[in-house]
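The values are calculated or read from the model by the stated rules, or taken from the named source; none is laboratory data. None of the values given here were measured: they were computed from a predicted structure. For neighbour counting, all protein chains shown are included, and Cβ atoms are generated from backbone atoms with ideal geometry for every residue, glycine included. To get the accessible areas, we keep the full protein, side chains included, count just its heavy atoms, and leave off ligands, DNA and RNA. Shrake-Rupley method; radii C 1.70, N 1.55, O 1.52, S 1.80 Å.
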Amino acid sequence: MPWYVSLPVTLAVILALFLGMANLGWLPGLPNPFAEKTVDRSQPVVLKSIQNMSRYNAATGNFQVIVDLANEAKFLPSAILGTRSLYVGAGSVEAYVDLGKLGADSVKVSDDRRTAAIAIPHGQLAGAALDVKNSYMYSQERGLFDRLGDLFSSSTSDDQHKVELLAVEKIDKAAKDTGLTVTAENNTKAMLTGLLGSLGFTQVTVTVA
């Protein structure tokens, strides 16, 4: 082999060896040319609005749901066309009593300020909040045509969004079938009874109207 051919080949082999050894950490004094770093170029957080809250968050329910979402073709097997996503969603739902709805006739106090009667509204449920740290895509199966389509579109991120919305919907529905609002009402009663008791009231009656 002529020297003008063997020399570039030899240099290329030596360079490849050095790069491989650096990538494997065999040369600690040599920086890894394939090392990656994370750069956060996010924009500053913008405050959109402020809402005054008058509700007492009295109970929180923690839920977990496994979403099994499949898109199947009518005449083709799933190995050719179709997707199936298994998603583990964790979220919470708060139950609250809106004390801002207390009217002038909702609180009655005796003249000696020893007896008090309060009528609070029924407990309500807030929307489900998805815990993204503890939620994850367990598995995702995609047909041949779907994998080819991923090269030209962002359908994978769309599937992620769909299962997240479905997980929130299922958690909201499950929360309505629990006694979370009753727990919130009982906790609100206990809170108001203790609060007024510390202010010197000897008899406190809290009802749900």
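Mind checking the per residue accessible area of the range 164-209 for me, 1.4 Å probe, whole number of Å²? Intermediate results must be reported in sequence, preceding the final value.
Values: 2670 Å² over 46 residues.
Result: 58 Å² of accessible area for each residue.
Assuming R0 = 45 Å, what is the FRET efficiency of D105 and K162, from their Cβ-Cβ distance, to the nearest 0.05?
Values: r = 48 Å, r/R0 = 1.07.
About 0.40, to the nearest 0.05.
Take the Cα of D112, step 7 Å toward its Cβ, do the same at N186, and the gap between the two points is 3.2 nm. Using a cut-off of 30 Å between Cα atoms, the listed pairs K101/K173; K48/K189; K162/K189 include K48/K189; K162/K189 as exceeding that distance. Within the range 195-209, find all residues whose amide N lies under 19 Å from a label point positioned 7 Å from the Cα of A119 along Cα-to-beta-carbon. In the range 195-209, the label zone of A119 (backbone N under 19 Å from the point 7 Å along Cα→Cβ) covers 204-209.
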